[in-house]
Amino acid sequence: MKILIVDDEPNIRDLMHRYLSLDSIESDRAENGLSAQRMLREEAYDAALIDLKMPGMDGLSLISWMRGEGFRMPIIMMSAHGEIIDAVSALKEGAQDYIVKPFDPEELTIRLKKLVEAQHLKNLVESETRNNLEDEKQLFVGESNSIKKIKDVIAKISDTNSTVLITGESGTGKEVVAREIHAASPAKEGPFVAINIGGVPENLLESELFGYEKGAFTGAVSRKTGMFELASGGTLFLDEIGDMPLSLQVKILRVLQDRRITRLGGTQTMPINARIIAATNKDLEQQVRDGAFREDLFYRLNVVRIVIPPLRERREDIPLLAAGILKRLNRQMGHKVSGISADALQELCNHDFFGNVRELENIMERAVIFAGAEEIQIDDLDLRGSVSLHTQIKDEPKLSTTEAKSLKDVEVDAIIHALHRWEGNRTRAAQELGISRRTLINKIAEYDLNL
C-alpha cells in the first residue's frame, strides 16, 4: 500500500509518515496542492491524506482537480477546524472520509485500510463485469512435466512485476495461466482485467484500452475509464496480442516503457501500476519477420515466456481436467453426474483434441446433458464432430497458391519478399531465409533478379 500525504505542516507530514511506516505502509509527502499534483502525475497511489487549509491550493481544490482528472484512489480529508460545513464540502468534492486534528494515528490507519480494501473490491467488481465469474473459469491443473515446469515458472516470478508472454494453440488455457500468475503475485488482491484484442473492432480498441475524455470524439458524452486504469493495482491481460494493429503497437510499447497513459482527447499523462500479461496463438517471431509485429514491442513483451503445449501432447492431464470440468458443469447445470466410466475416460485420453481444453469442455458438456446414468459412459461421448473436421483438413487439403507454384517461383517470391522487408539488406534477408549471404547472392544471379 502506498499513500500520498498532503499537508503544509512539516511535523504533521513527518509524524504520519513515520507512523504509517510502522505498519509497513509506504508514503510520499507533499507540502501543498501544487506539489501533490506533480507527484500524482508521476506515481500511482492507493489513497491520499489531504489537509483542508493549505496555501496556494487548498484541499478542496486539490480533491476537485483529482476527481476531474480521473484519479480513483480513496481520499481522507484532514482539518484542524472540525466544522461540519468543511466535511460536507469535502465529501461533495469526492473525499470518502473526514478526520479532525488531532486524531488517533491508529484510527487513521484503520480507516485507510478499510477504504483501500473497499476500492480494491470495487475494482474487482468492475473488472469481473467484463469477464465471467471466477468460479466459472477453468482450473489450472495437470501432472505432466510441461505443466509442472509452467507451475515452477509461475512460482519463480510470483514476487515480481515482470511482463509475461504466454503462447500456445487456441483453447490451451492461456487465460487460465494468466489468472494463475495474477493469483500468485503481490497484486492478487487487485483486479484481473482481460481484453481479447481480436474481439474488439480496430476503431474502438484504443478507447477501450486507454479510455477517453468527454468530447474526445462524436458520441463521447462523458469520460470513460480505460482498461489500463481499471487494472490499477492488479493485472491487465492482453489476449491475442498478435492481432493488435501496427498503428496501436507503438502506443502499447510506449506504455510498457514509460508506465504512463494518456486518455484519448486528454493532455495529461497518468501513471499506471498494472502488471501486463500478453498471450497469442500466433508465431510472433514470424510476424516480426513478416513486418506485421514490431520487433521492439515483441522484446518488451517477451521478458518471461510461457509456452503451453497442446492437450494431445500431455494426455496424462486429461483425467484431472475432465474431473474439474465435470464438477463445474454439475454446479452450473444442476446435474449430479458422479464421474466418468473407465472406458469413457480411456476414450477421452485416446482422443487428439485439436481444439485442446476448449474442445474437451464442449465434449464434457454434451456428455453431462445426455448422460443416462450416474457416470458418463462411452456412448455419452460424441467425438465425431472434431474427428471428422480434422480428417477433412488432413485428408483433403486445399492447395494454396504457394503450393501450386514451381520450386523456382517459390524461391523467387521468398527472396524478393525478404529483401523488401529488409530494404535490400542482403545479410538480414539471408538470415531470415536461413541461408548464407553468398548463397543468396548466387540465387539472385541465378534467377537474374534485378533488385
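A few remarks follow.
- Of all residues in the range 378-390, none are at pLDDT 80 or above, among the small types (Gly, Ala, Ser) and assigned to a helix (DSSP H, G or I).
- Among residues of the range 234-262 being touching an Asp or Glu at 6+ places or on another chain (Cβ under 7 Å) and farther than 14 Å from Leu205 by Cβ, the one that is surrounded by the fewest Cβ atoms within 10 Å (Cβ to Cβ) is Leu253.
- Criterion violated by Tyr299 - all others in (1) in the same structural domain as Ile157 (by TED's automatic domain parsing); (2) assigned to a helix (DSSP H, G or I); (3) touching a residue at least 60 places away in the same chain (Cβ under 8 Å) satisfied: (3)
- When residues of the range 213-242 are limited to those that are modelled with pLDDT under 90 and of a type in the set (Ser, Thr, Tyr), the one nearest to Tyr45 (Cα to Cα): Ser232
- Within the span defined as the range 187-198, every residue fails to be part of a helix (DSSP H, G or I), within 23 Å of Asn281 (Cα to Cα) and aromatic (Phe, Trp, Tyr).
- Residues of the range 45-61 classified as small (Gly, Ala, Ser) and surrounded by fewer than 19 Cβ atoms within 10 Å (Cβ to Cβ), total: 2
- Counted residues, the range 192-204 - those being modelled with pLDDT under 90 and either under 14 Å from Leu236 (Cβ atoms) or of a type outside the set (D, E, K, R) (or both): 6
- Qualifying position, being modelled with pLDDT of 95 or more and touching a Leu at 6+ places or on another chain (Cβ under 8 Å), among Ala292, Ala279: Ala279
- Contacts under 8 angstrom Cβ, first residue in the range 270-292 being in the same structural domain as Thr235 (by TED's automatic domain parsing) and touching a residue at least 60 places away in the same chain (Cβ under 8 Å), partner in a helix (DSSP H, G or I) and of a type in the set (Phe, Trp, Tyr), 6 or more apart: Ile272/Phe228; Ala274/Phe228; Leu284/Phe298
- Residue in the range 344-367 that is in contact with a His (Cβ under 9 Å, 6 or more places away or on another chain), outside the structural domain of Asn145 (by TED's automatic domain parsing) and farther than 25 Å from Lys149 by Cβ present: yes
- Residues (on the phi > 0 side of the Ramachandran plot and either of a type in the set (Lys, Arg) or without any contact (Cβ under 8 Å) to a residue 12 or more places away in the chain (or both)) located in the range 245-269: Arg259
- Here Gly215 does not fit the description of being under 27 Å from Lys114 (Cβ atoms) and either in a loop (DSSP other than H, G, I, E, B) or outside the structural domain of Leu256 (by TED's automatic domain parsing) (or both).
The values are calculated or read from the model by the stated rules, or taken from the named source; none is laboratory data. Owing to the predicted nature of the structure, the values given are computational and were not obtained by experimental measurement. Ideal geometry is used to build each Cβ from the backbone, glycine not excepted, and the neighbour counts take in all protein chains shown.
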